[in-house]
Amino acid sequence: GKNVRALLTDMNQPLGRAVGNALEVVESAEVLRGRGPADVTELTLAFGAELLAMAGVAPDAAAARAPLAAAIASGAALAKFREMIRRHGGDDRAVEDYNRLPSAAIRAPLTAPCAGFVAAVDADRIGRACVLLGAGRRKTDDAVDPAVGLSDLVKVGERVDKGAPLAVAHANDAGRLAEARKLLVEAFTFADAPPPAAPLIAERVGGEL
């Protein structure tokens with residue numbers, strides 16, 4: 001009897017271009033500035049539109065997208081994010097000055113072994129590599145390092161030259177970086193032509209279709 005909706009989304013590659021706590025906070029703020037990655041921006045609007053429609057604020061999800069886009073364009077969305085940070089006792093100045101967020105001591109590019117189109121980015125290997133860097137827990141009592149992870153990830157379908165960066169690893173431990181790099185080099189596959197584009201939203205469940 002609950003009004004529930006779900007969007008089944010493509011998770012065959014990481015969403016956006018960042019993985020890791022502080023790095024994803026930066027990406028989130030960039031979305032609210034209107035200059036975030038296209039896939040994260042689209043899903044933010046899609047989920048937000050469903051919520052507004054469910055709450056009766058808009059007649060349907062299609063109509064709800066306009067006020068969401070307007071909130072981003074006006075700066076109201078970013079201002080609300082800053083308010084939420086303050087109410088949780090955080091430093092909202094970090095949204096304006098990303099240097100206030102934790103940053104890693106080591107930044108190491110992962111380079112392409114060949115030229116070609118990115119055919120696949122294995123989200124599981126990327127996730128496990130970031131856990132090795134310290135962005136997640138291997139055991140329940142592990143400490144999470146908010147500074148580490150990956151940024152500047154290439155996306156499926158993009159063309160790269162040999163030696164071009166596929167991502168930048170952010171690490172605080174050279175040993176962990178070496179361990180994670182073994183997984184990262186296996187996470188990318190290449191082809192001579194771009195693969196067929198996959199829909200970002202594969203299916204919508206619940207509500208009026």
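DSSP finds beta bridges in the chain, and of those with both partners inside it, around 100 percent are antiparallel.
Entry note, the chain: the mean residue ellipticity at 222 nm calculated from DSSP H runs of n ≥ 4, each adding -39500 (n - 2.57), is -11500 deg cm²/dmol after division by the residues and rounding to the nearest 500.
Where [x] 25, 18, 16; [y] 31, 23, 16; [z] 28, 21, 14 are the candidate values, the label of the one calculated here for semi-axes √(5λ) of the Cα gyration tensor in Å is [y]. Each residue of the range 72-78 was assigned a 3J(HN,Hα) from its phi angle through the Karplus curve 6.51 cos²θ - 1.76 cosθ + 1.60 (θ = phi - 60°); the sequence is 5, 5, 7, x, 5, 5, 5 Hz, with glycine and proline shown as x.
Shown are 130, 114, whose ranking by accessible area with a 1.4 Å probe and every protein chain present, most to least, is 114, 130. Sequence-ordered 3J(HN,Hα) estimates for the range 132-139 from the Karplus curve with 6.51, -1.76 and 1.60 and θ = phi - 60° stand at 4, 5, x, 6, x, 9, 8, 10 Hz, glycine and proline given as x. In order along the range 195-205, the phi-based Karplus estimate (6.51 cos²θ - 1.76 cosθ + 1.60, θ = phi - 60°) of 3J(HN,Hα) comes to x, x, 5, 9, x, 5, 10, 7, 7, 10, 10 Hz; Gly and Pro are listed as x. The alpha-carbon of residue 139 sits under 21 angstrom from the alpha-carbons of these lysines, leaving out residues fewer than 8 places away in its chain: 182.
Using a simple spin-label model with pseudo-atoms 7 Å out from Cα toward Cβ, residue 84 and residue 161 lie 4.0 nm apart.
The values are calculated or read from the model by the stated rules, or taken from the named source; none is laboratory data. Just so we're clear, the structure is a prediction, and the values are computed from it rather than from any experiment. Cβ sites come from the backbone with ideal geometry, for glycine too, and all protein chains shown count toward neighbours. Please note that ligands, DNA and RNA were not included when accessible areas were found on the heavy atoms of the full protein model with its side chains. Shrake-Rupley method; radii C 1.70, N 1.55, O 1.52, S 1.80 Å.
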